[in-house]
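The values are calculated or read from the model by the stated rules, or taken from the named source; none is laboratory data. If you're wondering where the values come from, they're calculated on a predicted model, not measured in any experiment. For neighbour counting, all protein chains shown are included, and Cβ atoms are generated from backbone atoms with ideal geometry for every residue, glycine included. Just the protein is used for accessible areas: all its heavy atoms, side chains included, with ligands, DNA and RNA removed. Shrake-Rupley method; radii C 1.70, N 1.55, O 1.52, S 1.80 Å.
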Amino acid sequence: MATPLVTARPAAAAVTDFGAWMVSEQRRVFALCHRLLQDADEADSATQDTFLKAYQAMRKEDARELDDPARWITRIAVNSCLDRLRSRKWQFWRRRPRTTQDEGVTLSLIRSSAPEAEDRYFAAQISSRLEAALDRLSARQRAVFTLRHYDDLSLDEIGELLGLDVGTVKAHMFRAVSKLRGELRDLYEGSR
Amino acid sequence: MKQHHLSHHLSNDELLDRMYLVESAPHLAVPHLNDCEECSSRLQGLERKRAEVGSAAAAAESGISNEFLAAQRRAIYARLDQPASVRARWAPAALAAVFLLVMGVFLVRPHPQYHQVRPPDPVVAVDSINEQLFSDLYSMEQSLEPQAAAPIHALFEVSGGDVEQ
């Protein structure tokens, strides 16, 4: 069981505890935001927002002990990303087509070392093509699919994170898989 | 109890659906996967590929530099130190401005109810019409006879003279 994080403390102590906790969670939260938003700058802002909201929630007087801080911060991060994805729909001027340069960045992250280099190369290709295809999904479909695809969460866990019942999560997942079926089929069957 | 069995191997699409937990008939697919070695190994192959994607993502995660994370923490601390009142101070002012704007738009916009009623077209009084009619008739009566009737009158005048004689 995760270490409980006590909330509603005096500010100085809270910041000390908060700082240590943030260091332990920061990389994971940023990676999650990056996977959901696929934009480093936006993921950076979303991560900052996430920890800021967490800090403010912890300082509230009615806050109580958190049994699973990791799950709690994950939920805040996912919701921050969902807000950003929803508002992104209106910000058409910020949309940019995914370029081969982006794929190059993704591929450069994979250090090639034989004999795993080929596998990693194909995995990176799968990742790049999927990430490009994710733009076709709604915010919720995208969150549901990403949490299953990358984080291997069950429908129950995804529902708990997003505050949705399992049936709704399954419906979103079904639509996401239907929209991505072409890419998934190609990537799983034809990439090798 | 009735036993359901698939008579064929699962298609790749059905395996994909199973992997993402959206299969339409899990009561058929799951027992089949338990029994069929070929289908279960194909599913495992797909799962392996998905894991490769996950490991690629993890590799990308490990590529996040410590300097970047430290800078991010500094930005978060800076925002934590920012007194909440700075933002809170602007909120009422912004709300008031929006309220005034809305009220201004509402008040300035002419409401249909308050539109000035267009005065009706001037109607000529019935009396004046009658007056005009009578004066026209009178003038017609007093005026010379129409030229068209003149020859007929002339005939009578002539015959009148003869009668006298």
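Quick look at the numbers
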quantity: At q = 0.18, 0.22 Å⁻¹, base-10 log of I(q)/I(0) for segment A:116-189 (Debye sum, equal scatterers on each alpha carbon); calculated: -0.70, -0.95
quantity: Amide hydrogen neighbours beyond the local backbone of A:L153, cut-off 5 Å, H modeled; calculated: A:R148
quantity: Note, ³J(HN,Hα) from phi for segment B:134-142, Karplus 6.51, -1.76, 1.60, rounded to Hz, x at Gly and Pro; calculated: 5, 5, 5, 4, 4, 5, 5, 5, 7
quantity: Whole-Å semi-axes of segment B:10-93's equivalent ellipsoid (Cα gyration tensor); calculated: 50, 21, 8
quantity: Accessible surface buried upon A-B contact (total; probe 1.4 Å; Å², nearest 100); calculated: 3900
quantity: Accessible area of segment A:116-189 belonging to carbon and sulfur atoms, whole % at 1.4 Å probe; calculated: 44
quantity: For B:F156, solvent-accessible area (1.4 Å; no DNA, RNA or ligand), Å²; calculated: 140
quantity: Simple label model, 7 Å out from Cα along Cβ direction - B:F134 to A:S87, nm; calculated: 8.4
quantity: Estimated vicinal HN-Hα couplings, Hz - segment A:52-58 in sequence order (Karplus 6.51, -1.76, 1.60; Gly, Pro = x); calculated: 5, 5, 4, 5, 5, 5, 5
quantity: Solvent-accessible area lost in complex, 30 Å² minimum, residues of segment A:161-192 relative to chain alone, 1.4 Å; calculated: A:K170, A:F174, A:V177, A:R181, A:R185, A:Y188, A:E189, A:R192
quantity: Under 19 Å from the Cα of A:K60 - aspartates and glutamates, other chains or at least 8 residues apart; calculated: A:D17, A:D49, A:D68, B:D81
quantity: Per-residue SASA entry for B:F99, accessible area with 1.4 Å probe, Å² rounded to 10; calculated: 130
